[in-house]
Structures are given as C-alpha cells and as structure tokens.
Amino acid sequence: MSARPLRVFIVAAETSGDLIGAELIRALRAESADIEIAGAGREAMAAEGVSSDIDLSALSVLGLFDGLRILKQVHEKAQACADAAAAFKADQIVLIDSWGFMLRVAWKARKTCPDAQLVKYIGPQVFATRPGRAKVLAKAVDHLLAIHTFDPPYYEAHGLPVTVVGNPVLERELKGDGAAFRARHGIAPDARVVQLLFGSRNSEVKTLFDDFASTAAEIVRSRPDVRLVSVLAPSVEAMVRERLAARDDLSGLLLVGPEERLDAFAASDLSLACSGTVTLELSRMGVPSVVAYRLDALAWTIAWNFLMRADYVSLVNLAAGEELLPERLQTRATPEHLVPELEKLLDDPGHRAALSARLKEVTREMAGGDARASVNAARALLELRPL
C-alpha cells in the first residue's frame with residue numbers, strides 16, 4: 001500500500017461534466033478505500049461531498065465572442081482550480097470535458113503541480129471538427145480517458161496515451177414513470193407531450209429561446225391536445241423563467257426541475273431540443289427529438305467552412321450513419337423549419353413508434369453491452385497511479 005492515499009482532484013465546469021464527475025467519484029470510492037478526492041464542480045459533485053468555493057457556473061458559454069467576453073474570468077477560474085489542486089497536493093488532476101477551460105487549467109496546473117498527472121476525461125470531438133486539437137491536448141496532458149472507440153488514433157498519433165472507457169451517458173439507469181408524471185400534473189393519458197429543452201447554457205437559451213418558443217406556440221395553437229413540458233437545468237432556470245414571463249402564448253408550458261427529469265422524459269412523445277447530451281439520453285428512452293443548434297455568425301462561418309468534418313452533430317445520427325434525429329442548424333433553427341419536423345412526428349404515430357424502436361436499437365449498439373464508463377475510468381486512474 002502507498003505511504004498515503006491517492007489524491008485525486010476533479011474539475012467539471014458544466015452541468016453534464018458535473019454529473020460525470022459525481023459518477024466518477026462514486027466509482028473511485030467503490031474501487032478503492034485508499035483514496036482522497038477533492039475538486040471544483042457543481043451541484044452533483046457537491047452532493048457527493050466534493051465541493052469548493054470556486055464558482056464555475058459562469059463558464060457555461062457558447063460562441064466565439066461570448067468566450068472572449070469572459071476570457072479574463074476563464075483564466076482566473078483556471079488559476080484558482082490549479083492553485084486548489086496544488087494546495088490539496090493532488091497526485092492526479094482529472095479535467096472533465098469543457099475543452100477551452102480545461103486546457104487552461106492544464107497549462108496552469110503544469111506550473112503549480114508539476115508532479116501531478118494530468119488526465120483529460122472526454123477529449124474534443126476531433127473526428128468531427130478541429131483535428132489540430134488532438135496535438136494541442138497531447139502537449140497539455142499526460143493521458144486521455146476517451147468515450148469513443150474511434151478516438152485513440154487521432155491522439156496516439158501525437159504521442160498521447162489513450163484509454164477507452166465508454167460513454168458515461170450510456171451506462172446510466174434511465175427509467176422514469178411517465179404515467180405517474182402525467183397523473184401528478186393533470187396530463188391526460190392520451191395527450192401528446194412535447195419536451196421543450198432550451199439547453200443547459202445561458203448562451204444557448206439566448207440564441208434559441210425565441211425560435212423554440214414561437215415553434216412551440218404554433219404547435220399548441222393548431223393541436224390543443226398537445227402539452228408542453230420543459231425540464232429546466234438549474235444553470236438556465238432564471239433566464240428561461242424571465243423570458244417566459246413575456247410569452248402569454250406559452251402560459252400552459254409546464255416547468256419542472258431536475259428531480260422530475262426521467263419521469264418527464266418517460267411521459268414524452270417527442271422533444272424539441274438544443275443539441276447536446278440530452279438527445280442521447282432521450283434516444284435511449286425511445287423519445288424522438290428534433291435537434292437545433294446555433295452559433296454566433298462568425299463562429300458558424302469558420303466552423304462550416306473550415307472545421308466541420310462530420311455529416312451530423314448528434315452522436316446518435318453519427319452512430320447510425322443516417323439522420324434519425326432531424327437536425328436544423330443555424331439559419332434553419334427557425335419555426336419555418338422546426339414546425340414541419342415536429343408535425344411529422346406528432347401526426348404519424350406509426351412513424352414515431354418505428355423511430356422510437358430504432359433509436360433504442362442504435363443506442364444499445366453504441367453501449368456495446370454492459371456499459372460501465374465510470375467504473376472503467378476509475379480503474380484506469382488507479383492503474384495510472386503515480387509510484
């Protein structure tokens with residue numbers, strides 16, 4: 001046994017990464033009693049007893065100019081994380097997702113914690129865009145815990161060791177009680193339920209809210225039996241509620257918190273969703289989605305003309321090799337394009353049922369059987385333990 005417990009410092013800036021961090025914490029503790037964990041995250045990690053005074057909530061930004069506006073804050077928070085890891089005397093620093101911010105944490109931690117192992121958990125999607133990031137990451141960290149089987153060649157070509165652990169989203173228990181949710185909220189068993197998911201970043205709400213709201217309002221005007229439900233991430237709740245206050249045409253939208261998330265998903269027939277992890281979760285539950293996304297104009301021009309290499313932005317579509325989830329991006333993320341896609345799914349229950357079955361099939365294949373990403377990640381960290 002080592003002279004002292006392994007000290008692991010985990011950083012997770014966004015809601016999805018925070019959840020992955022909490023899962024990793026539980027797995028590490030289950031795998032070894034000879035371990036101490038600290039870090040900087042959000043609500044999920046704090047619920048596991050790993051919290052700090054470093055507030056990372058403001059880092060949920062999107063787009064080139066949004067990032068530039070808070071660049072000073074990004075550097076300050078990155079330095080604070082590196083300093084906290086040094087004070088903890090971390091043996092390993094695990095940086096979850098959030099490419100730009102975690103890269104800066106890695107750079108600063110190299111100086112404050114020169115002997116600590118730097119491990120990135122989830123690399124940038126270089127198979128889809130910006131392949132040069134693989135080389136940058138290889139210089140910044142010591143090891144990558146990857147979630148895709150096709151990730152390693154991109155990084156190993158630059159000398160970065162990679163361990164494929166699987167996708168954490170595919171290991172989660174995703175069972176909800178849709179009937180109970182409908183009963184709790186007075187939704188008829190035969191009513192059609194549409195999830196309206198604005199995203200988990202304030203910047204996503206800013207860019208998509210108006211088009212999502214107008215799309216949803218048009219749907220309920222023409223189909224009175226449709227009920228709208230929105231599961232709000234804590235990071236965007238205040239902004240969504242403020243904007244909804246000015247939309248009388250969405251007064252019937254039911255807002256619920258994360259504690260009802262799975263029940264709400266199970267009660268849903270389909271969703272209109274900002275592209276992200278949530279569409280993979282919904283697909284696993286057999287809920288079809290119409291997916292939208294929008295960047296600022298300059299960032300989109302650069303991405304579309306020089307960076308994007310994949311045919312789709314949704315992992316389910318990439319895995320299937322076809323557009324199972326209709327994607328309406330940038331200038332097409334408008335009611336003109338979103339309403340017809342939702343109508344197709346709403347008005348054709350046979351198509352919806354067939355698509356639901358196909359989504360479950362594809363996500364099962366993506367999981368590759370018994371998906372245990374957090375356990376695999378925990379074991380990899382323990383094997384990488386510095387001597």
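Please give the calculated 222 nm ellipticity per residue for the chain, where each DSSP H segment of at least 4 residues contributes -39500 (n - 2.57) and the sum is spread over every residue; nearest 500 deg cm²/dmol? Before the final figure, lay out each step's value.
Values: 17 runs with 179 residues, N = 387.
Taking each H run of at least 4 residues, the total per residue is -14000 deg cm²/dmol.
Between L254 and residues 5 or more places away or on another chain, which pairs have amide H atoms under 5 Å apart, with H built 1.01 Å from N, and which residues are they?
L228, V229, S230
Once the other residues with Cβ under 12 Å from the Cβ of E14 are scored (Lys, Arg +1; Asp, Glu -1), what is the net sum? Write down the numbers at each step before the final one.
Numbers: positive: R42, R201; negative: D18, E43, D97, E204.
With Lys, Arg at +1 and Asp, Glu at -1, the neighbours total -2.
Determine how large the accessible area of F198 is when every protein chain is in place; take a 1.4 Å probe and give Å² rounded to the nearest 10.
10
Going by average Cβ neighbours within 10 Å, how do the peptides 245-254, 136-145 rank, with the highest at the top? Mind showing how you got there, number by number?
Values: 245-254: 12.9, 136-145: 20.6.
Taking the mean over residues of other Cβ atoms within 10 Å, the ranking is 136-145, 245-254.
Going 7 Å from the Cα of D248 in the Cα-to-Cβ direction, what parts of segment 195-215 have a backbone nitrogen less than 17 Å from that spot?
Within reach of a label on D248, which here means backbone N under 17 Å from a point 7 Å along Cα→Cβ, segment 195-215 contributes 214.
Heavy atoms only, 1.4 Å probe, whole protein assembly: order R352, R241 by accessible area, highest first. Display every interim value, and only then the final one.
On the way: R352 35, R241 115 Å².
Putting R352, R241 in descending order of accessible area: R241, R352.
With each pseudo-label sitting 7 Å past Cα toward Cβ, what's the S32-L382 distance in nm, one decimal?
Inter-label distance under the simple model: 0.8 nm.
Just the accessible area per residue of the chain, please: how many Å² with a 1.4 Å probe?
Accessible surface, normalised per residue, equals 43 Å².
When only the heavy atoms of the protein chains count and the probe is 1.4 Å, how do R4, R184, R133 rank by accessible area, highest first? Intermediate results must be reported in sequence, preceding the final value.
On the way: R4 90, R184 120, R133 55 Å².
Highest to lowest solvent-accessible surface, that is R184, R4, R133.
Can you list residues whose amide H is under 5 Å from R7's amide H, if they're 5+ apart or on another chain and H is modeled 1.01 Å from N?
Under 5 Å from the amide H of R7: E36, D91, Q92.
Where in the chain are the helices, taken as whole DSSP H runs, whose Cα atoms extend 18 angstrom or more along the long axis and whose Kyte-Doolittle mean reaches at least -1.0?
Numbers: long enough: 15-31 (24 Å, 0.24); 71-88 (26 Å, 0.05); 99-112 (20 Å, -0.24); 202-222 (30 Å, -0.10); 349-367 (27 Å, -0.54).
The qualifying helices are 15-31, 71-88, 99-112, 202-222, 349-367.
If R0 is 45 Å, what FRET efficiency do you get for D311 and R4 from their C-beta distance, rounded to 0.05?
Details: r = 50 Å, r/R0 = 1.10.
Calculated transfer efficiency: 0.35.
Which shape class, rounded, prolate or oblate, goes with the chain when its Cα gyration tensor gives a ≥ b ≥ c as root eigenvalues, a/c under 1.5 marks rounded, and past that a/b bigger than b/c marks prolate? Write down the numbers at each step before the final one.
Numbers: a/c = 1.75, a/b = 1.66, b/c = 1.05.
Note, shape of the chain comes out prolate.
Compute the length gained on full extension between E343 and K139: take 0.36 nm times their separation in residues and subtract their Cα-Cα distance, giving the result in nm to one decimal.
Numbers: separation 204, 0.36 × 204 = 73.44 nm, distance 4.83 nm.
So the chain would gain 68.6 nm between E343 and K139.
Length gain on complete extension for the stretch A87 to V256, per 0.36 nm per residue less the alpha carbon to alpha carbon distance? Please report the intermediate quantities before stating the final value.
Working: separation 169, 0.36 × 169 = 60.84 nm, distance 3.91 nm.
Length difference between fully extended and current span is 56.9 nm.
When the dipole is taken about the Cα centre of segment 108-212, and only Lys, Arg (+1) and Asp, Glu (-1) are charged at their Cβ, what size is it in debye, to the nearest 20? Let's see the in-between values first.
Values: 15 positive and 11 negative charges, 84 e Å.
My answer is approximately 400 debye.
Could you check what % of the DSSP bridge pairs in the chain are antiparallel, to the nearest 5?
Numbers: 1 of 40 bridges.
Antiparallel bridges make up about 0 percent of those DSSP assigns within the chain.
Can you return the lysines within cross-link range of K111? Criterion is Cα-Cα under 22 Å, with same-chain partners fewer than 8 residues away left out.
Output for K111: K72, K77, K89, K120, K135, K139.
Once ligands and nucleic acids are excluded and a 1.4 Å probe is used, how much of M366 is accessible, expressed in Å² to the nearest 10?
60
Label E43 and T149 with points 7 Å out from Cα along Cα→Cβ: what is the distance between them in nm?
3.5
About the Cα centre of the chain, what is the dipole size in debye to 20, counting +1 per Lys and Arg Cβ and -1 per Asp and Glu Cβ, all else neutral?
Working: 45 positive and 51 negative charges, 187 e Å.
Computed about the Cα centre, the dipole is about 900 debye.
Pop out the carbon and sulfur fraction of the accessible area of the chain as a percent, whole number, probe 1.4 Å. Before the final figure, lay out each step's value.
Numbers: 8610 of 16780 Å².
Whole-percent figure for carbon plus sulfur exposure: 51.
The values are calculated or read from the model by the stated rules, or taken from the named source; none is laboratory data. Note that the coordinates shown come from a computational prediction; the quantities given were computed from them, not determined experimentally. Cβ sites come from the backbone with ideal geometry, for glycine too, and all protein chains shown count toward neighbours. The protein model used for the area step is the full one, side chains on, heavy atoms only, and it has no ligands, DNA or RNA in it. Shrake-Rupley method; radii C 1.70, N 1.55, O 1.52, S 1.80 Å.
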